[in-house]
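Engineer: Encoded as structure tokens, here's the structure I'll be asking about.
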């Protein structure tokens, strides 16, 4: 019968163990790098979403001011009048301040029947801030209010 010869243990150098450890180290470094990159991307997406939310609320406050006409008459007499609104979105509290500033009162309008009216140019400035964060948006929009001449 033939006998099986086993390799001599003294000739083994452990190369496979060293190669596996190097490969494991490389995979660990790649995994940690990917985790930090995905964490950064998640924070960037959250910041973008927060900024978009404050922008939309500031725009909504301007549109609401134009539609309701609630502050225009008061602002002509007292330009420091502001509308302060607080919203709760999920767990975040958003504060919106809207200020109407008359920039030119009594400019003349032209047209056949418009001579009986006068115009007021106004700037509406809306500032939306998410409380507890640095997310803030400031928007300004100009509007014209036509009033009867007195």
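The values are calculated or read from the model by the stated rules, or taken from the named source; none is laboratory data. It should be emphasised that the depicted structure is a prediction, and the values quoted were computed from it without experimental measurement. Every residue, glycine as well, gets a Cβ built from its backbone with ideal geometry; the counts of neighbours run over all protein chains shown.
Engineer: Take the conditions modelled with pLDDT under 75 and surrounded by 10 or more Cβ atoms within 10 Å (Cβ to Cβ) and apply them to residue 125. Does it pass?
Structural biologist: So residue 125 does not fit the description; no.
Engineer: Within the range 39-60, track down each residue that is within 30 Å of residue 142 (Cβ to Cβ), exposed (fewer than 15 other Cβ atoms within 10 Å of the Cβ) and without any contact (Cβ under 8 Å) to a residue 40 or more places away in the chain.
Structural biologist: If the condition is that a residue be within 30 Å of residue 142 (Cβ to Cβ), exposed (fewer than 15 other Cβ atoms within 10 Å of the Cβ) and without any contact (Cβ under 8 Å) to a residue 40 or more places away in the chain, then 48, 49, 52, 56 are the ones that fit.
Engineer: Looking only at residues in the range 75-104 that are exposed (fewer than 13 other Cβ atoms within 10 Å of the Cβ) and at pLDDT 75 or above, which one is farthest from residue 119 (Cα to Cα)?
Structural biologist: Among those residues, the one meeting the criterion is 91.
Engineer: Quick check on my filter: what residues within the range 128-150 are touching a helix residue (DSSP H, G or I) at 6+ places or on another chain (Cβ under 9 Å), in a strand (DSSP E or B) and either surrounded by fewer than 14 Cβ atoms within 10 Å (Cβ to Cβ) or modelled with pLDDT of 80 or more (or both)?
Structural biologist: 128, 129, 130, 136, 137, 138, 139, 140, 141, 143, 146, 148
Let's see how each residue does on (1) part of a helix (DSSP H, G or I); (2) exposed (fewer than 10 other Cβ atoms within 10 Å of the Cβ); (3) out of contact with any strand residue (DSSP E or B) (no Cβ under 8 Å at 6 or more places or on another chain); (4) modelled with pLDDT under 90:
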{"site": "2", "(1), (2), (3), (4)": "no, yes, yes, yes"}
{"site": "10", "(1), (2), (3), (4)": "yes, yes, yes, yes"}
{"site": "34", "(1), (2), (3), (4)": "yes, no, yes, yes"}
{"site": "37", "(1), (2), (3), (4)": "yes, no, yes, yes"}
{"site": "62", "(1), (2), (3), (4)": "yes, no, no, yes"}
{"site": "66", "(1), (2), (3), (4)": "yes, no, no, yes"}
{"site": "70", "(1), (2), (3), (4)": "no, no, no, yes"}
